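See structure below.
The values are calculated or read from the model by the stated rules, or taken from the named source; none is laboratory data. None of the values given here were measured: they were computed from a predicted structure. Positions of Cβ are generated from backbone atoms using ideal geometry, with glycine treated the same way; all protein chains shown enter the neighbour counts.
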Amino acid sequence: MRVVIAGGSGFLGRHLTCALRQSGDGVTALVRRAPRGPGEAGWDPVAGVVPFAVIDGADAVVNLCGAGIGDRRWTDARREVLRTSRIGPTELLSAACAKLSVPTLVNASAVGYYGDRGDDVVTEVDGPGDGFLARLCVDWEAATGAAAAAGVRVVNLRTGLVLGPNGGMLPRLVLLTKTLLGGRLGSGRQWWPWISVVDHVAAVRFLLRGSDSRAVHGPVNLTAPTPVTNAEFTRALGAVLHRPTPWAIPPFALRAALGDFAGEILTGQRALPSVLKRSGFTFLQPELTTALRSFALAARL
């Protein structure tokens, strides 16, 4: 199949691009710099420039665009960057898919859609929560409306904490744990809906192809079937790295360092991947300790 990927230079995009190309699929990455070869095409979402010739005839468009949620302190200016880096590009790609009758649009979203749900289990049928990230996810998913209205199969990936050895949050947590600074965040009772990068890529590929996945549309939780609390995650990581994790980082310290983003990591969602499981997807790394050990081995941690 022929796939166009926006956001292919990011952590998830790199892994997905590599996996698709290794399986023989044709992949074109949309880049904002000058293209460096036939596998890239330039676009400028700020100026509204979309390479229609590249998208025309594609079997699917995958949109992973978006500035990092936890990369910087949440100021008003950063919140605006988080919105504009998602909403505008999604609207452009959605309109292009609608105009060119692209069969499938797979678009990033996040489990932050559900807001703080305490210990309640949430699945794709549950509505949105409150707060900045929940509202952002609602608008992010709504930006795919033009494609859905035109009959394009739209899949919104409500992704949890993605674990991998060379990107995302895990390397930072590993560094803190190895230097004996690891510990739970706040009470540690908040749920961390995680997924390994291996399963994230496998799930996206499953949603792009396969007879069972053709009927899947709308929201899909990309989380492992075994969510854990922050305290459980911290203990598991410490055990894999053979380091103690006795500390607790108080909420006021997190808020001082991270601003309003601290509120997101001090709360969580006990999100389960009901659509993936119902559709027949098989997780390769469903258990946290197994995933952490494989990444520790790969990175020689």
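Where in region 201-285 are the helices (runs of 4 or more DSSP H), entirely inside, with at least 1 residues that are over 21 Å from the mean Cα position of the chain (by Cα)? Working first, answer last.
Working: elements: 230-241, 251-258, 261-265, 274-278.
Output list reads 230-241, 251-258.
Yes/no per residue for (1) touching a Leu at 6+ places or on another chain (Cβ under 7 Å); (2) farther than 21 Å from Leu64 by Cβ; (3) of a type in the set (S, T, N, Q):
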position	(1), (2), (3)
Val174	yes, yes, no
Leu185	yes, yes, no
Asn221	yes, no, yes
Val240	yes, yes, no
Ala262	yes, yes, no
Thr267	no, yes, yes
Val275	no, no, no
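Residues that are within 12 Å of Ile5 (Cα to Cα), aliphatic (A, V, I, L, M) and under 23 Å from the mean Cα position of the chain (by Cα) within region 42-55 comprise just one, Ile55. Within region 23-30, does at least one residue satisfy the condition of being at pLDDT below 95, of a type outside the set (Ser, Thr, Tyr) and touching a strand residue (DSSP E or B) at 6+ places or on another chain (Cβ under 8 Å)? Checking region 23-30: not a single residue is at pLDDT below 95, of a type outside the set (Ser, Thr, Tyr) and touching a strand residue (DSSP E or B) at 6+ places or on another chain (Cβ under 8 Å).
Selection of region 61-78 for residues being within 18 Å of the chain's Cα centre (by Cα) and touching a residue at least 40 places away in the same chain (Cβ under 8 Å) yields Val61, Val62, Asn63, Leu64, Cys65, Gly66, Ile69, Gly70. Checked against (1) crowded, with 20+ Cβ neighbours inside 10 Å; (2) under 21 Å from Thr123 (Cα atoms), Pro225 meets all criteria but (1).
Which residues, counting only those in region 240-269, are among the hydrophobic types (A, V, I, L, M, F, W, C) and touching a residue at least 40 places away in the same chain (Cβ under 8 Å)? Spell out the reasoning first.
Taking region 240-269 as the starting set, the residues that turn out to be among the hydrophobic types (A, V, I, L, M, F, W, C) are 240-241, 247-249, 252-254, 256-258, 261-262, 265-266.
Selection gives Val240, Leu241, Trp247, Ala248, Ile249, Leu254, Ala257, Leu258, Phe261, Ile265, Leu266.
I'd like to check something: does region 55-68 contain any residue that is of a type in the set (Asp, Glu), touching a Leu at 6+ places or on another chain (Cβ under 7 Å), exposed (fewer than 14 other Cβ atoms within 10 Å of the Cβ) and more than 27 Å from Gln190 (Cα to Cα)? Show your work before the answer.
To start, the set of residues in region 55-68 that are of a type in the set (Asp, Glu) comprises 56, 59.
Pick out the ones that are also touching a Leu at 6+ places or on another chain (Cβ under 7 Å) and you get 56.
Narrowing further to those that are exposed (fewer than 14 other Cβ atoms within 10 Å of the Cβ): 56.
Checking which are more than 27 Å from Gln190 (Cα to Cα) leaves us with 56.
Yes, region 55-68 contains at least one residue that is of a type in the set (Asp, Glu), touching a Leu at 6+ places or on another chain (Cβ under 7 Å), exposed (fewer than 14 other Cβ atoms within 10 Å of the Cβ) and more than 27 Å from Gln190 (Cα to Cα).
Of all the numbered requirements in (1) modelled with pLDDT under 95; (2) farther than 11 Å from Ser196 by Cβ, Ala271 misses one, and that requirement is (1).
Just one of Glu287, Glu232 is surrounded by fewer than 19 Cβ atoms within 10 Å (Cβ to Cβ) and farther than 14 Å from Leu173 by Cα; which is it? Let's see the steps before the verdict.
Working: Glu232 fails: farther than 14 Å from Leu173 by Cα.
Sole residue among the options that is surrounded by fewer than 19 Cβ atoms within 10 Å (Cβ to Cβ) and farther than 14 Å from Leu173 by Cα: Glu287.
Elements of the type helices (runs of 4 or more DSSP H) sitting completely within region 118-188 and holding at least 1 residues that are of a type outside the set (Gly, Ala, Ser), surrounded by fewer than 19 Cβ atoms within 10 Å (Cβ to Cβ) and in contact (Cβ under 8 Å) with a residue 24 or more places away in the chain: these cover 132-142, 170-178. Taken as a whole, region 85-98 holds at least one residue that is at pLDDT 95 or above and either among the β-branched types (Val, Ile, Thr) or at positive phi (or both).
Taken over region 70-109, the criterion of being of a type in the set (D, E, K, R) and loosely packed, with under 15 Cβ neighbours inside 10 Å is satisfied by Asp71, Arg73, Asp76, Glu80.
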